1. Out of the residues in the range 189-228 that are open to solvent by less than 30 Å² (accessible area, probe 1.4 Å) and over 23 Å from W157 (Cβ atoms), which is farthest from the chain's Cα centre (by Cα)?
2. Just checking, which of L69, L44 is under 22 Å from L154 (Cα atoms) and touching a strand residue (DSSP E or B) at 6+ places or on another chain (Cβ under 9 Å)?
3. Just give me the residues in the range 150-209 being in a helix (DSSP H, G or I), within 13 Å of Q240 (Cβ to Cβ) and acidic (D, E), in sequence order.
4. So, in the range 19-74, how many residues would count as being among the small types (G, A, S), more than 16 Å from the ligand (Cβ to nearest atom) and in a loop (DSSP other than H, G, I, E, B)?
5. So G96 clears everything in (1) outside any helix (DSSP H, G or I); (2) open to solvent by 50 Å² or more (accessible area, probe 1.4 Å) except one condition, right? Which one?
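The values are calculated or read from the model by the stated rules, or taken from the named source; none is laboratory data. These numbers come from a predicted model, not from an experiment. Note: ideal-geometry Cβ built from the backbone for every residue, glycine included; neighbour counts use all protein chains shown. Just the protein is used for accessible areas: all its heavy atoms, side chains included, with ligands, DNA and RNA removed. Shrake-Rupley method; radii C 1.70, N 1.55, O 1.52, S 1.80 Å.
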Amino acid sequence: MSKLMALENITWQPSPNFDERGADTPIDMLVLHYTGMRTAKEALDRLTDAEAKVSAHYFVDEDGGITSLVPEEQRAWHAGVSEWRGESNINARSIGIEVVNPGHEFGYRPFPERQMAAVKALSVDIVKRHQIPAWNVVGHSDVAPDRKEDPGELFDWRGLSDAGVGLWFQASAAIPHSDIDISTGAQGAEVFELQQALREIGYGATPTGLFDPAFENIIRAFQRHWRAVRVDGIADPETQGIVYAVLAEVRRLT
Ligand SMILES: [Zn+2]
């Protein structure tokens, strides 16, 4: 029933940019993107251009219109080099949704309510049909923090989670973890612990005890998703507290 509700106004515009998923690969992830191009048309042209070699399963316009580009059974090409929970074959195991927004490069702006409602309805439907676990609903920046910023800090992850898609944390669990900022150049046990926590959540963090530029990008990606009011790559006490609150939620559910 939910399938019909979400799919009733879907337009089909096939993209040639897909191939086969691996035979034994489950669909157990949902990856959200923004298009990051000046106009919706420009983005749709690119996602359906054989030369561009990029695609997604769905495209959600700012008016809430949904276009299907690649059948869910096929592997769309949206994630590129990426990693989550130790897996790097993200395209093979995920559904990808492109949400129209010019992005940080061309004038990042709020996602209109109708658009977000369509993203929610579509995501609810996908997650239900494929039984995608909450901890595997991610942004492109979560799986490729060195390269990507999408869908960005204006995306309503919390609202999506309220609709049953993806993971949010208990506010009561998000207590400031320490009274110091941890940032690039820092070294020691608290950095190591934070890296381990983010790795367990799913990020491609390597626990080294050194807060290097790659880890700063992971902190920034985490903030875009769970602490969007300030995205600066600094693990301040609030950010640290939220990391451990998200980790607690992952542990509770897994
Ligand atoms: Zn993307």
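1. G209
2. The unique qualifying residue is L44.
3. Once the filter is applied, which keeps residues that are in a helix (DSSP H, G or I), within 13 Å of Q240 (Cβ to Cβ) and acidic (D, E), the range 150-209 yields E190, E193.
4. Total satisfying the criteria: 5.
5. (2)
Listed here are the residues, each with its yes/no results for (1) open to solvent by 10 Å² or more (accessible area, probe 1.4 Å); (2) within 16 Å of the ligand (Cβ to nearest atom); (3) not assigned by TED's automatic domain parsing to the domain that holds R46.
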residue: A79; (1), (2), (3): no, yes, no
residue: E83; (1), (2), (3): yes, yes, no
residue: A92; (1), (2), (3): no, no, no
residue: G103; (1), (2), (3): no, yes, no
residue: F106; (1), (2), (3): yes, yes, no
residue: P110; (1), (2), (3): yes, no, no
residue: R114; (1), (2), (3): yes, no, no
residue: K128; (1), (2), (3): yes, no, no
